[in-house]
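Novice: The structure that follows is given in the form of structure tokens.
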Amino acid sequence: MLRPRDERDLAEAVAGAKGPLRIQGGGTRPIGAPVAGEVLSVSALSGIDLYEPGALTIVAKAGTPLSEIEAALDAENQRLPFEPMDHRSLLGTSGEPTIGGVVAGNVSGPRRIQAGACRDSLIGVRFVDGHGIAVKNGGRVMKNVTGYDLVKLMAGSFGTLGVLSEVSFKVLPATAATGVVKVAGLGVPEAIAAMSRALGSPFEVTGAAHLPKGPDENPLTMIRIEGFESSVDYRAERLRELLSPYGDVSIDTDPDRTQKSWIRIRDAEAFAGTDGDVWRISVKPSDGAAVAAALPGTELVFDWGGGLIWAEVPAGTDVRPRLAEIAGHATLVRASEDTRRVIAPFHPEPASLAAITQGLRRKFDPRSILNPGLMG
């Protein structure tokens, strides 16, 4: 295993590589096709380089544990806006997620519908490309202007264009209170209609999810609102009135329960410890019911108003042929290595987009040594 101590070491390791490299942060997200190669761990590139609460900016080395970032922000009553998912319970992994891994996977959570994804909060990156050259793009302030937006390009590239060494984020104040408006017993079409109505309201919804099989085995639809306590109370009551035509509506403002309920949604905990393969399906929210109809008998969790669907299917099942008539994409997040060798984990790209992707990879990694084959 290669474990560089700083960016210079990292550049030398990549430049001197004689074969493929398997890029690793905390090792908690083995997503994508299996990669054969020497492990290159960035875990030693750790530490917060700059944190300016007044400027709402934090800069950290890529191997910094996410928990360290969140603890520093929490001490100043701040947070990462995009609520990054923790894959460990879903994938059955251990270790510590790193902030570089979050960026590499563009890892986001239910608040994406209101605050955007990881890439929308990312304002700067440093990385080493396949030549072994250190590259910097973006900056440490939100007003930075650049000619090429490599910041957005690196988010979600899974280490196939470069090995991250440092990342910079804009952050936001933490929320003072949370309220969850719950509607019990809805079918999927009714739940999607209710979530869409809530999301289209002026009440600043920060999460909308539906569990066809909730904690008590009955359907449960949840709408989250956040902010100052008096504002949350007011908006929760208005949402209760708005959603009353759909059935039995209740409000929960208990801090512990509301936090745990959204962690369960964020981390797809409904599938933790189960045996099937898990897919992440992204479609228009209005097509959520069509996905459910195309996958009868499948365990599902609807997030982001029905636009993101987690689905558990028998091992080795490819859901894409069943969803061929529905616009969107499906990613195989959890499956055995054998299955991930046979079924492409990432959705196949249209020919025009695939040509652009390959051109970028040839530019940034001409030797094809950075996580080769991981994304197809």
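The values are calculated or read from the model by the stated rules, or taken from the named source; none is laboratory data. Given the structure is predicted, the values throughout are model-derived calculations rather than measurements. Note: ideal-geometry Cβ built from the backbone for every residue, glycine included; neighbour counts use all protein chains shown.
Novice: Could you tell me how many of the residues in segment 280-319 are free of Cβ contacts under 8 Å to residues at least 12 places away in the same chain and part of a helix (DSSP H, G or I)?
Specialist: Summing the residues that are free of Cβ contacts under 8 Å to residues at least 12 places away in the same chain and part of a helix (DSSP H, G or I) in segment 280-319 gives 1.
Novice: Here is a follow-up. Which ones in segment 42-94 are acidic (Asp, Glu), surrounded by fewer than 17 Cβ atoms within 10 Å (Cβ to Cβ) and either within 21 Å of the chain's Cα centre (by Cα) or over 28 Å from Glu226 (Cα atoms) (or both)? Walk me through how you get there before you give the answer.
Specialist: Of all residues in segment 42-94, those acidic (Asp, Glu) come to 49, 52, 68, 70, 74, 76, 83, 86.
Filter again for surrounded by fewer than 17 Cβ atoms within 10 Å (Cβ to Cβ), leaving 49, 52, 68, 70, 74, 76.
The answer is Asp49, Glu68, Glu70, Asp74.
Novice: Okay, moving on. Let me confirm something: among Ile113, Ile223, which residue is surrounded by 17 or more Cβ atoms within 10 Å (Cβ to Cβ), β-branched (Val, Ile, Thr) and at pLDDT below 95? Steps first, answer last, please.
Specialist: Numbers: Ile223 fails: at pLDDT below 95.
Selected residue: Ile113, the only one of Ile113, Ile223 that is surrounded by 17 or more Cβ atoms within 10 Å (Cβ to Cβ), β-branched (Val, Ile, Thr) and at pLDDT below 95.
Novice: Report, by residue number, each residue of segment 183-220 that is in contact with a helix residue (DSSP H, G or I) (Cβ under 9 Å, 6 or more places away or on another chain) and charged (D, E, K, R).
Specialist: Glu190, Arg197, Glu204, Lys213
Novice: Residues being closer than 23 Å to Arg341 by Cβ and aromatic (Phe, Trp, Tyr): count how many of those fall in segment 270-316.
Specialist: So the count comes out to 3.
Novice: Would a scan of segment 339-358 turn up a residue that is under 23 Å from the mean Cα position of the chain (by Cα), crowded, with 17+ Cβ neighbours inside 10 Å, outside any loop (DSSP other than H, G, I, E, B) and at pLDDT 95 or above?
Specialist: yes
Novice: If I ask for residues that are in contact (Cβ under 8 Å) with a residue 60 or more places away in the chain and among the charged types (D, E, K, R), which ones from segment 190-225 would you list?
Specialist: Within segment 190-225, Glu204, Lys213, Arg224 meet the criteria.
Novice: Same structure again: Which condition does Asp216 not pass, out of (1) modelled with pLDDT under 95; (2) closer than 30 Å to Arg257 by Cβ; (3) touching a Leu at 6+ places or on another chain (Cβ under 9 Å), if it passes all the others?
Specialist: Here Asp216 meets the rest and fails (3).
Novice: Taking interchain pairs and intrachain pairs at least six residues apart, which have beta carbon atoms under 8 angstrom, with the first residue in segment 129-157 and among the basic types (Lys, Arg) and the second modelled with pLDDT of 60 or more and surrounded by fewer than 18 Cβ atoms within 10 Å (Cβ to Cβ)?
Specialist: That search, which allows pairs on different chains as well, returns Arg140/Leu50; Lys152/Arg119.
Novice: Still on this model: Name every residue in segment 174-210 that is closer than 13 Å to Pro285 by Cα, within 22 Å of the chain's Cα centre (by Cα) and crowded, with 24+ Cβ neighbours inside 10 Å, in order of residue number.
Specialist: The answer is Ile192, Met195, Ala208, Ala209, His210.
Novice: For the structure I just gave you, tell me whether Ile265 is of a type in the set (Val, Ile, Thr), outside any helix (DSSP H, G or I), at pLDDT 95 or above and touching a strand residue (DSSP E or B) at 6+ places or on another chain (Cβ under 9 Å). Don't jump to the end; show me each part of the working.
Specialist: Working: of a type in the set (Val, Ile, Thr): yes; outside any helix (DSSP H, G or I): no; at pLDDT 95 or above: yes; touching a strand residue (DSSP E or B) at 6+ places or on another chain (Cβ under 9 Å): yes.
Criteria not met by Ile265.
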